[in-house]
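J.: I have a structure here, written as structure tokens, and I will follow up with some questions on it.
The values are calculated or read from the model by the stated rules, or taken from the named source; none is laboratory data. From a predicted model like this one, the values you see are computed outputs, not experimental measurements. Here Cβ is always computed from backbone atoms with ideal geometry, including for glycine, and neighbour counts include all displayed protein chains. The accessibility values were calculated without ligands, DNA or RNA, using every heavy atom of the protein model including side chains. Shrake-Rupley method; radii C 1.70, N 1.55, O 1.52, S 1.80 Å.
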Amino acid sequence: MITLDDLLMIGLRFIFVLLLYFFLFHIIRIMYKESRLTAMGFKGYPVLVVVEDKSGSLKRGEKYIFRENITIGRGQHNDIVIRDRYVSNSHAVITSQGESWQLTDLGSTNGTYINNTKLTNTQSIKPGDKINIAGVTFKVGWENASRSSFPYRTGAAR
């Protein structure tokens with residue numbers, strides 16, 4: 001006869017196995033993405049580098065590693081928080097689309113600019129592009145992970 005304790009143990013084991021598979025899935029996905037970048041000739045990680053910040057909320061030279069989604073805005077829920085009254089609460093987002101990255105303005109009041117052209121719909125971004133949001137200018141680039149002792153930018157805004 002199966003007791004309640006036995007059912008609880010079986011349930012906990014099942015949840016543990018699911019979490020383990022979920023973790024392994026994400027590790028394999030990250031490895032796959034990195035191998036695609038290496039196959040494309042890129043060695044490192046795509047980053048946003050702060051070139052200029054007139055608001056003073058970000059440091060010049062600060063780097064933000066690209067992930068699946070990077071949200072930019074004034075609200076604390078964003079990955080990159082810009083404390084500037086001309087930045088919307090949820091201003092823009094960078095998303096991964098296969099082997100490229102796309103920048104989308106989220107209906108901000110003052111707009112998002114790529115290479116001094118106002119973004120009107122989703123647009124691909126590539127190394128060398130400059131992104132302007134209010135008084136902040138970012139440059140899209142590549143960070144060589146082997147040159148940095150700590151290649152990932154953690155706690156970007158949180």
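J.: How many residues, within region 70-104, are surrounded by fewer than 16 Cβ atoms within 10 Å (Cβ to Cβ), out of contact with any Phe, Trp or Tyr (no Cβ under 9 Å at 6 or more places or on another chain) and of a type in the set (G, A, S)? Steps first, answer last, please.
T.: Of all residues in region 70-104, those surrounded by fewer than 16 Cβ atoms within 10 Å (Cβ to Cβ) come to 75-77, 83, 85, 89, 96-100, 102, 104.
In the following step, the residues that additionally are out of contact with any Phe, Trp or Tyr (no Cβ under 9 Å at 6 or more places or on another chain) were identified as 75-77, 83, 85, 89, 97-100, 102, 104.
With of a type in the set (G, A, S) added as a condition, the list becomes 75, 98, 100.
Adding up the residues that qualify gives 3.
Here's the yes/no breakdown for (1) at pLDDT 95 or above; (2) within 17 Å of K130 (Cβ to Cβ); (3) part of a loop (DSSP other than H, G, I, E, B):
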residue: I2; (1), (2), (3): no, no, yes
residue: D5; (1), (2), (3): no, no, no
residue: F16; (1), (2), (3): yes, no, no
residue: L20; (1), (2), (3): yes, no, no
residue: V50; (1), (2), (3): no, yes, no
residue: G56; (1), (2), (3): no, no, yes
residue: R67; (1), (2), (3): no, no, yes
residue: Y86; (1), (2), (3): no, no, yes
residue: G107; (1), (2), (3): no, no, yes
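J.: If we scan region 105-113, do we find a residue that is within 14 Å of I72 (Cα to Cα), within 14 Å of the chain's Cα centre (by Cα) and open to solvent by less than 50 Å² (accessible area, probe 1.4 Å)?
T.: No, there is no match, as no residue in region 105-113 is within 14 Å of I72 (Cα to Cα), within 14 Å of the chain's Cα centre (by Cα) and open to solvent by less than 50 Å² (accessible area, probe 1.4 Å).
J.: Return the residue satisfying two criteria in turn: it lies in region 58-69 and is free of Cβ contacts under 8 Å to residues at least 60 places away in the same chain and open to solvent by less than 60 Å² (accessible area, probe 1.4 Å), and of such residues it is farthest from the chain's Cα centre (by Cα).
T.: Once the filter is applied, the top-ranked residue is G61.
J.: Right, here's the next one. Taking region 122-141 as the search range and keeping residues that are farther than 25 Å from K33 by Cβ and part of a loop (DSSP other than H, G, I, E, B), which one is most open to solvent (accessible area, probe 1.4 Å)? So that I can check it myself, show each step before the final result.
T.: Let us first name the residues in region 122-141 that are farther than 25 Å from K33 by Cβ, namely 132-137.
Checking which are part of a loop (DSSP other than H, G, I, E, B) leaves us with 134-135.
Working: A134: 48, G135: 14 Å².
Among those that are farther than 25 Å from K33 by Cβ and part of a loop (DSSP other than H, G, I, E, B), it is A134.
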